[in-house]
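Values in this text are rule-based calculations from the coordinates and carry no lab data. Since this is a predicted model, take the numbers as computed values, not measurements. Cβ placement follows ideal geometry from the backbone for every residue including glycine, while neighbour counts extend to all protein chains displayed.
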Amino acid sequence: MENPKIHLDAEVLSLAKELNAIALIDDEESRAMADLEKIPNHGTIYLLFRFLNEAIITKKEFIDKLNEIIKEGWRCSTELYIIIINALDSFWEIFILDHHLILKSYLPYLLFYN
């Protein structure tokens, strides 16, 4: 039986490549495939931080959205959740560099998880 998620991620990558756009995907294997194909990609947390950085959402809305996507099935370990919440408290340390979210204090965790 074909996995519909794999098919959907393949469509996202194909469309991103065709449009010269950024693929928004969280699956580690799909992101590795995007990297191999040199398709820019980010995860959900990057997008939330980007919205926060651009004042599209507030810190409270960030937390509400994070909790909502977890409730809807986005997998997030307790450790990663704590890292994300702590990052909000030190938001001035966030930098966007070469299409990767880097938090000075949390670099090892976010490069692994996001």
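The slack between Asn86 and Glu29, meaning 0.36 nm per residue of separation minus the straight C-alpha distance, is 17.8 nm. Multiplying the residue separation of Lys65 and Ala10 by 0.36 nm and subtracting their alpha-carbon distance yields 17.2 nm. Ordering Thr44, Thr78, Thr58 from the fewest to the most neighbouring beta carbons within 10 Å gives Thr78, Thr58, Thr44. Distance between the modelled labels on Thr58 and Leu36, one decimal in nanometres: 4.5 nm (7 Å Cα→Cβ projection).
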